[in-house]
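The values are calculated or read from the model by the stated rules, or taken from the named source; none is laboratory data. As the structure is a computational prediction, the values presented were derived from the model and not from experiment. Every residue, glycine as well, gets a Cβ built from its backbone with ideal geometry; the counts of neighbours run over all protein chains shown.
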Amino acid sequence: MMSSDRSEYGFAALALAFITGGLIGTAAGLLFAPRAGVETRERVKEQAEEARGRLRETAETVKARAEELAGTGKEKISEVQEKVQESVEKIKEKISSRKGK
């Protein structure tokens, strides 16, 4: 389970790094391109809107996965608590049966 969590966080970090790199590359390309100021500003605006959309999608995906992992974690905790409770009950029964002898 632990390596799965790490791979999900690794995916999120990789996605964020990819998007950030794309934004930086796009901005640098637009700033150094020989275009009129108005045209360059319009392209920067379009690229920023596209990047914002991709970032929202990535954030939603990461959030959904985090919620899924949290739910799975809660289920595992409940299972462990049940097993511990069962073990405690068995130990109590053994102690009671030995006291009765």
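Being loosely packed, with under 11 Cβ neighbours inside 10 Å and either in a helix (DSSP H, G or I) or among the aromatic types (F, W, Y) (or both) is not true of V44.
Taking each residue of the range 14-43 that is under 24 Å from A59 (Cα atoms) and looking for partners that are among the small types (G, A, S) and at pLDDT 80 or above with beta-carbon atoms closer than 6 Å, six or more apart or interchain, yields L23/A51.
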